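The values are calculated or read from the model by the stated rules, or taken from the named source; none is laboratory data. As the structure is a prediction and not an experimental result, all values here were calculated from the model. Here the Cβ positions follow ideal geometry from the backbone for every residue, glycine too, while neighbour counts run over all protein chains shown. These accessible areas exclude ligands, DNA and RNA; they are computed on the full protein's heavy atoms, side chains included. Shrake-Rupley method; radii C 1.70, N 1.55, O 1.52, S 1.80 Å.
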Amino acid sequence: MTDTTSRSGGSTPAESTGVGSTNLSRPIIVRIATRTSRLALWQAEFTANLLRRLTQICLVEIVPISTVGDRDQESRLSSMGGQGVFTREVQRALLDGRADIAVHSLKDLPTVPTPGLVLGCVPRRGDRFDALVFPKSHPADSLESLSSGAKVATGSPRRQSQLLAVRPDLKLCEVRGNVETRLRKLDDGEFDAMILAEAGLLRLGFGDRINTLLMPPVMLPAVGQAALGIECREDNTQLRHLLSQLTDRQTWWEVLAERACLRTLQAGCHAPVGTFSSFDDDGQQRLDTVVLSHDGTEVLRASVSAPVQTEADAISLGNQTAQALLDQNAARLITPE
């Protein structure tokens with residue numbers, strides 16, 4: 001499907017082969033591959049607007065892609081092939097030429113690169129924490145207000161493990177589906193509370209449903225949470241140059257460190273691993289990371305700070321943090337995906 005209503009540009013004929021030409025005096029078409037959920041489409045349109053602001057001769061087409069993770073709303077993600085259940089088909093559209101770029105939630109993108117593709121840019125990330133949401137009919141304002149045995153919905157092992165570490169008396173329930181579907185199940189009384197990403201709720205206009213935020217050290221976000229990862233083909237040098245202008249440097253260093261840590265741990269994006277990157281006023285980047293057992297009874301933490309001024313510095317910080325956890329025998333808590 002083509003988003004013809006959102007095109008911008010003049011009447012000059014457009015380049016039909018995407019951003020492959022060196023002639024920037026003529027309009028260029030950028031085809032954006034994306035998942036079909038409302039949140040994914042929001043992310044694709046957000047990226048399209050960034051491109052339009054960068055150059056007035058950019059025409060944008062949205063290429064919706066159905067992924068196995070979207071089609072199967074019942075199975076546990078870990079049983080569906082682990083990493084890549086929300087990205088493989090989208091990446092395939094890039095490789096076979098149906099699209100020029102792919103927009104992912106970076107937390108879903110495996111840390112091992114796909115041959116022929118590169119991470120072209122990472123714009124400034126959004127609000128990255130996890131939100132605790134209660135039913136409309138029984139609103140509450142804290143984790144402590146949940147009674148023993150309360151049913152809390154989340155399909156994320158990272159969230160489940162960290163929640164059990166502080167509230168082992170709660171009953172954790174699997175839930176799948178888009179944000180709207182999950183909220184409807186919550187309001188219909190299937191659960192006493194639910195954990196959703198703060199960024200997703202805000203981006204879809206559900207900010208009023210956030211009852212409280214689960215902040216570090218209680219809950220560390222996922223690697224790359226609230227950041228977008230925009231991929232393109234490795235050989236499209238002109239598009240890579242264009243995309244590089246959209247990268248937010250601090251976000252880029254944050255996610256480089258986080259993803260390096262996850263890669264060195266050999267943990268998948270669905271493993272019980274949380275990270276939180278931050279910078280102080282002196283340019284020191286700190287990476288806090290937690291690895292847990294699935295039942296939350298074992299919790300290993302590491303925190304490393306270092307001056308970060310280059311990509312290599314950020315990657316080194318992630319590797320050092322992972323090594324600090326491996327020195328605590330974290331590998332026994334991680335099942336590679």
Requested in this report: For segment 299-309, name all the residues that are crowded, with 16+ Cβ neighbours inside 10 Å and outside any strand (DSSP E or B).
Outcome: VAL308
Requested in this report: Return only the number of the condition from (1) open to solvent by 30 Å² or more (accessible area, probe 1.4 Å); (2) within 15 Å of the chain's Cα centre (by Cα) that THR251 does not satisfy.
Outcome: (1)
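For segment 220-237, how many residues are under 18 Å from LEU117 (Cα atoms) and surrounded by 16 or more Cβ atoms within 10 Å (Cβ to Cβ)?
7
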Report summary line: Of (1) touching an Asp or Glu at 6+ places or on another chain (Cβ under 7 Å); (2) within 21 Å of ASP130 (Cα to Cα), THR297 satisfies every one except (1)
Requested in this report: State yes or no: is GLY318 modelled with pLDDT of 95 or more, closer than 21 Å to ALA226 by Cβ and either touching a helix residue (DSSP H, G or I) at 6+ places or on another chain (Cβ under 8 Å) or part of a helix (DSSP H, G or I) (or both)?
Outcome: yes
Report task. Report yes if some residue within segment 197-210 is more than 25 Å from CYS121 (Cβ to Cβ), touching a residue at least 24 places away in the same chain (Cβ under 8 Å) and not in a helix (DSSP H, G or I); otherwise report no. Result -> yes
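A quick yes/no check of all residues on (1) under 30 Å from ALA322 (Cβ atoms); (2) modelled with pLDDT under 95; (3) not small (Gly, Ala, Ser):
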residue	(1), (2), (3)
LYS171	no, no, yes
ARG176	yes, yes, yes
LEU183	no, no, yes
ASP188	no, no, yes
GLY205	no, no, no
GLU254	yes, no, yes
ARG263	yes, no, yes
Query raised in the report: Before we move on, is ALA257 open to solvent by less than 40 Å² (accessible area, probe 1.4 Å) and out of contact with any helix residue (DSSP H, G or I) (no Cβ under 6 Å at 6 or more places or on another chain)?
Result: no
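Please verify whether ALA93 is of a type in the set (Gly, Ala, Ser), modelled with pLDDT of 90 or more and more than 17 Å from GLU258 (Cα to Cα), treating the condition exactly as stated.
Yes; evaluated as a whole, the condition is true for this residue.
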**Report entry** Test result for VAL218, touching a Phe, Trp or Tyr at 6+ places or on another chain (Cβ under 7 Å) and within 26 Å of PHE276 (Cβ to Cβ)
**Finding:** no
Query raised in the report: Could we say that GLU190 is under 27 Å from PRO110 (Cβ atoms) and of a type in the set (D, E, K, R) here?
Result: no
Query raised in the report: Out of curiosity, is GLN328 touching a strand residue (DSSP E or B) at 6+ places or on another chain (Cβ under 6 Å) and either without any contact (Cβ under 8 Å) to a residue 12 or more places away in the chain or in a loop (DSSP other than H, G, I, E, B) (or both)?
Result: yes
Query raised in the report: What is the residue count in segment 34-61 for residues that are in contact with an Asp or Glu (Cβ under 7 Å, 6 or more places away or on another chain) and without any contact (Cβ under 8 Å) to a residue 40 or more places away in the chain?
Result: 1
Requested in this report: Could you please find all residues in segment 288-314 being without any contact (Cβ under 8 Å) to a residue 12 or more places away in the chain and of a type outside the set (Ser, Thr, Tyr)?
Outcome: ALA312
Requested in this report: Report yes if PRO217 is crowded, with 18+ Cβ neighbours inside 10 Å, in a loop (DSSP other than H, G, I, E, B) and touching a residue at least 12 places away in the same chain (Cβ under 8 Å), otherwise no.
Outcome: no
Report summary line: HIS294 fails exactly one of (1) modelled with pLDDT of 95 or more; (2) surrounded by fewer than 20 Cβ atoms within 10 Å (Cβ to Cβ), namely (1)
Report summary line: Scanning segment 30-61 for residues that are charged (D, E, K, R) and under 17 Å from LEU202 (Cα atoms), the one surrounded by the fewest Cβ atoms within 10 Å (Cβ to Cβ) turns out to be ARG38
Query raised in the report: Out of curiosity, is GLU180 under 20 Å from the mean Cα position of the chain (by Cα), under 26 Å from THR47 (Cβ atoms), crowded, with 22+ Cβ neighbours inside 10 Å and charged (D, E, K, R)?
Result: no
